[in-house]
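Let me begin by handing over the structure; questions about it come next.
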Amino acid sequence: MSTPSERVIAVVTAGLTTPSSSRLLADQLAAAVHDELSTRGVASRTEVIEVRDHAHDLTNNLLTGFPSANLEKVLTTVTTADALIVVSPTFSASYSGLFKMFFDVLDDQALAGKPVLLGATGGTERHSLVLDYALRPLFAYLKAIPVPTGVYAASTDWGPNAATLRPRITQAAAELVATLHHDNPTKPDPFENPTPFENLLNS
Amino acid sequence: MQFGVFSVSDVTEDPTTGTTVSEGERIKAMVAIALKAEEVGLDVFATGEHHNPPFVASSPTTMLGFIAAQTKNLILSTSTTLITTNDPVKIAEDYAMLQHLAGGRVDLMMGRGNTGPVYPWFGQDIRNGIALAVENYALLRRLWREDVVDWEGKFRTPLQGFTSTPRPLDDVPPFVWHGSIRSPEIAEQAAYYGDGFFHNNIFWPASHTKQMIDLYRRRFEHYGHGAADQAIVGLGGQVFMRKNSQDAVREFRPYFDNAPVYGHGPSLEDFTRETPLTVGSPQEVIERTLTFREHFGDYQRQLFLIDHAGLPLKTVLEQLDILGEEVVPVLRKEFAALKPAHVPDAPTHASLKTAAERAQALETIEEPVR
């Protein structure tokens, strides 16, 4: 359970190998966000979701229309988190199909108003705009709030270019934390507070 | 408590033989299933309404009228009637006619349908789904309850001095259930009018179904129709039975694995764990069905889906024999023993007629003496 002041950061990473470079980037982003919150005296907890672990459940959800009990828990972790860090490998000039499936089974309003840090990985730097051409529109559609700086890591960023990756991670983490002084808007629960029928009748 | 079967009327290849029945054969099979349901002592047969292949049930009152002529006790119902894309005037007329022909053995379940293109095919917009269900049903109620209706709304041409004929049998409109899987607005609608609420829970986990039914019950009480546990609840169920559990699983698995709705997805084992699907012995079906009451409270109607996914008619009729001989008699006894006296049965034409006469008599008594 999170204490009232504790922030929960959900990390959704869709790498396929174990370990994957997407997970590597996700961990660095999560650590940077955690550190940034710590320096501001804010406690935080990170919940990491490896989409691969839920691949069958996601397919089943698409086919049957409802999540398994396990997947439902994971989806709730994401929708109730204070902020998200998402990382996808770049496949065929976009996020991976598995990554998209995770967001396809969420209700289209489930991430409205949620701060999101966008991350992607790829073999070469040539795909780096996947962040802004693929991930950003997806989260704009979902009415989430992607922070301005996204982080793309190519293979070379784990070696000779590491020094140039680091400041981007720090910058993106700071931007995500800056959005967190807002309280998350609480969404009305339509089962707790249904629209009175007279309003439906007269609308 | 009422027990029955409901059909979605799908024409699906039998995956074990590769054969597909014709539309004509499927229509005749549905009729045979309904007649068998009466023969084995079930209470309700409900047909879906669809306007696209592979479904044959586009014209429910024609089918139900044909069945009515050959049955004596069976209640004829729908699962569901498309309140969104049908003209409420035509629903009022068709079902009042059916009610007369069937001697009152008719009720309806309103639904919004699950096929997107049906909306444009019938000149509507799917984005108005809820608004159509609300407006059309409000008009339908008036057409059945007021002899002359003046009406103007958003979705249909206005009516001036309109009388829907025939008037409902004995001036008692058919009882209406509202079916919805996930829209709290429809549970709210059912509660507002004191109508029944049916949750077709067969593809859904109990936690989800409970959320909808609890909302309906709470709001039923809020609108003054009785206590929450007196609200009129119906549930779906999906079963396949053989004497031995393993035989049932072995025989049903190919149908499950290739079924139109969930085929090629979760395993039979996963799906039976997460949803009400029960594949096994009659005793297992009895035990599973009794858990519905534990989850959702005492309820009034239990409909089973037994005829989809290409199952041959012969097999379906065997399922009805098992239901009628081994399952439903036990469930009737068990549910009746558990149900508190203040929880009502599902309304029927007879009970609604008695209630209306009683209300009328009270009104006459209370009228001041002049």
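Return the distance in nm (one decimal) between the two label points of a simple spin-label model at A:Ala31 and A:Thr76, each offset 7 Å from Cα along Cα→Cβ.
3.2 nm
How big is the accessible area of A:Asp107 in square angstrom, nearest 10, if you roll a 1.4 angstrom probe over the protein chains?
100 Å²
Which angle from 0 to 90°, rounded to the nearest 10, does the C-alpha axis of helix B:313-322 make with the longest principal axis of chain B?
Value to nearest ten degrees: 80.
Follow-up. Helix B:184-193: angle to the longest alpha-carbon principal axis of chain B, degrees 0 to 90, nearest 10?
The helix B:184-193 is inclined about 50 degrees to chain B.
Would you please put B:232-238, A:59-65, A:139-145 in order of how densely packed they are, using the mean number of other Cβ atoms within 10 angstrom per residue and starting with the highest? Before the final figure, lay out the partial values.
Working: B:232-238: 25.0, A:59-65: 17.7, A:139-145: 15.9.
The densest-packed peptide leads the list: B:232-238, A:59-65, A:139-145.
Leaving out ligands and nucleic acids, and using a 1.4 Å probe, what accessible area per residue does region B:221-317 come to in Å²?
Details: 3700 Å² over 97 residues.
Dividing the accessible area of region B:221-317 by its residue count gives 38 Å².
May I ask you to rank A:Ser203, A:Ser92, B:Ser59 by accessible area, largest first, using a 1.4 Å probe over the protein chains only? Write out the running numbers ahead of the final one.
On the way: A:Ser203 90, A:Ser92 120, B:Ser59 55 Å².
Most to least solvent-accessible, the answer reads A:Ser92, A:Ser203, B:Ser59.
Another question about this same structure. Determine the percent antiparallel among the DSSP beta bridges restricted to the protein assembly as shown, to the nearest 5. Please report the intermediate quantities before stating the final value.
Numbers: 6 of 63 bridges.
Taking every DSSP beta bridge within the protein assembly as shown, about 10 percent pair in antiparallel fashion.
Kindly provide the helix-only [θ] at 222 nm of chain A, computed as the sum of -39,500 (n - 2.57) over DSSP H runs of four or more divided by all residues, to the nearest 500 deg cm²/dmol? Before the final figure, lay out the partial values.
Working: 7 runs with 78 residues, N = 203.
Rounded to the nearest 500, the figure is -11500 deg cm²/dmol.
Return the percentage of antiparallel bridges among DSSP beta bridges fully within chain B, rounded to the nearest 5 %.
Working: 4 of 37 bridges.
Here the antiparallel bridges make up roughly 10 percent for chain B.
Quick check on region B:58-149: take the gyration tensor over C-alpha atoms, sort the square-rooted eigenvalues as a ≥ b ≥ c, and tell me if it's rounded (a/c under 1.5), prolate or oblate. If you can, show how the numbers build up before the last one.
Numbers: a/c = 2.53, a/b = 1.50, b/c = 1.68.
Oblate, because a/c is 1.5 or more while a/b does not exceed b/c.
Still on this structure, please answer the following. Is the protein assembly as shown rounded, prolate or oblate when judged by the Cα gyration tensor, a ≥ b ≥ c being the square roots of its eigenvalues, rounded requiring a/c under 1.5 and prolate requiring a/b larger than b/c? Can you show the working numbers first?
Values: a/c = 2.27, a/b = 1.74, b/c = 1.30.
Because a/c hits 1.5 or more and a/b exceeds b/c, the protein assembly as shown counts as prolate.
Using 1/(1 + (r/R0)^6) with R0 = 25 angstrom and r between the beta carbons of A:Ala163 and A:Asp132, what's the FRET efficiency to the nearest 0.05?
On the way: r = 23 Å, r/R0 = 0.92.
Computed FRET efficiency for A:Ala163 and A:Asp132 comes out at 0.65.
While we're here: Based on DSSP, what percent of beta bridges with both residues in region A:1-138 are antiparallel, to the nearest 5?
Values: 2 of 20 bridges.
Of those bridges, close to 10 percent are antiparallel.
Enter the buried accessible area of the B/A pair, total of both sides, probe 1.4 Å, in Å² rounded to the nearest 100. Provide the component values of the computation, followed by the final result.
On the way: alone 16600 and 10900 Å², together 25560 Å².
Approximately 1900 Å² gets buried when B meets A.
Once you place label points 7 Å from the Cα toward the Cβ at B:Arg218 and B:Lys243, how far apart are they in nm?
Placing both labels 7 Å beyond Cα along the Cβ direction yields 4.9 nm.
Something else: Given the Cα-Cα distance of A:Ala174 and A:Ser155 and 0.36 nm per residue of separation, how much length would full extension add, in nm? Don't jump to the answer; show the numbers that get you there.
Working: separation 19, 0.36 × 19 = 6.84 nm, distance 2.42 nm.
Between A:Ala174 and A:Ser155, full extension yields an extra 4.4 nm.
OK, next. With all protein chains present, how much of the accessible area of the protein assembly as shown (probe radius 1.4 Å) comes from carbon and sulfur, to the nearest whole percent?
Values: 13820 of 25560 Å².
Percent of accessible area from carbon and sulfur atoms in the protein assembly as shown: 54.
Which whole DSSP H helices in chain A pass both tests: a Cα extent of 20 Å or more along the axis and a mean Kyte-Doolittle value no lower than 1.6? All intermediate terms of the calculation are to be shown ahead of the outcome.
On the way: long enough: A:21-39 (27 Å, 0.09); A:162-178 (24 Å, 0.48).
Once both thresholds are applied, nothing remains.
Sort the following peptides by mean Cβ neighbour count (other Cβ atoms within 10 Å, averaged over residues), highest first: B:298-306, A:170-178, B:148-156. Please list the in-between numbers first.
Details: B:298-306: 24.0, A:170-178: 20.1, B:148-156: 13.7.
Taking the mean over residues of other Cβ atoms within 10 Å, the ranking is B:298-306, A:170-178, B:148-156.
Taking Cα atoms, how many degrees apart are the long axis of helix B:349-366 and the longest axis of chain B, rounded to 10 and kept between 0 and 90?
Approximately 20 degrees, to the nearest 10.
Using a 1.4 angstrom probe, figure out how much accessible area region B:49-182 has per residue, in square angstrom, rounded to the nearest whole. Provide the component values of the computation, followed by the final result.
Details: 5710 Å² over 134 residues.
Result: 43 Å² of accessible area for each residue.
Taking the Cβ-Cβ separation of B:Glu325 and B:Thr16 as r and a Förster radius of 22 Å, what is the calculated FRET efficiency to the nearest 0.05? Could the numbers behind the result be given before it?
Numbers: r = 25 Å, r/R0 = 1.14.
Approximately 0.30, to the nearest 0.05.
Hey, another quick one. What order do you get for B:268-278, B:72-82 when each peptide is scored by the mean count of other beta carbon atoms within 10 Å, highest first?
Numbers: B:268-278: 18.9, B:72-82: 22.9.
The most tightly packed comes first, giving B:72-82, B:268-278.
Another question about this same structure. Per-residue Cβ counts within 10 Å, from other chains only, averaged over A:188-195: what number is that?
Numbers: counts 0, 2, 8, 8, 4, 1, 11, 4.
Going residue by residue through A:188-195 and averaging, the value is 5.
Could you tell me the center-to-center distance, by alpha carbons, between region A:122-151 and region B:292-370 in angstrom?
55 Å
Other chains' Cβ within 10 Å of A:61-67 residues: what's the mean?
Mean number of neighbouring Cβ atoms from other chains: 6.
What is the sum of charges around B:Ile186, taking Lys and Arg as +1, Asp and Glu as -1, for the other residues whose C-beta is under 12 Å from the C-beta of B:Ile186? Intermediate values should be presented prior to the final figure.
On the way: positive: B:Arg112, B:Arg182, B:Arg219; negative: B:Glu185, B:Glu188, B:Asp195.
Residues near B:Ile186 contribute 0 overall.
Set the Förster distance to 30 Å, then compute FRET efficiency between B:Glu23 and B:Ala69 from the Cβ-Cβ distance, nearest 0.05. Could you put the intermediate results ahead of the total?
Values: r = 21 Å, r/R0 = 0.71.
Calculated transfer efficiency: 0.90.
Run the helix sum for chain B: -39,500 (n - 2.57) per DSSP H stretch of 4+ residues, divided by residue count, reported at 222 nm to the nearest 500 deg cm²/dmol.
Details: 13 runs with 163 residues, N = 370.
That comes out to -14000 deg cm²/dmol.
How would A:Lys100, B:Lys90, B:Lys243, A:Lys73 line up by accessible area, probe 1.4 Å, largest first? Walk me through the numbers before you get to the answer.
Numbers: A:Lys100 60, B:Lys90 105, B:Lys243 175, A:Lys73 135 Å².
So the residues, ranked largest to smallest area, are B:Lys243, A:Lys73, B:Lys90, A:Lys100.
Right, another one. Compute the whole-percent fraction of alpha carbon pairs in chain B spaced more than 31 Å apart. Provide the component values of the computation, followed by the final result.
Details: 23128 of 68265 pairs.
It works out to 34 percent of all Cα pairs.
The values are calculated or read from the model by the stated rules, or taken from the named source; none is laboratory data. This one's a predicted model, so the numbers in the text were calculated from it and none came from an experiment. Every residue, glycine among them, receives a Cβ derived from its backbone with ideal geometry; neighbour counts consider all protein chains shown. These area figures cover heavy atoms from the full protein model, side chains too; ligands, DNA and RNA do not enter into them. Shrake-Rupley method; radii C 1.70, N 1.55, O 1.52, S 1.80 Å.
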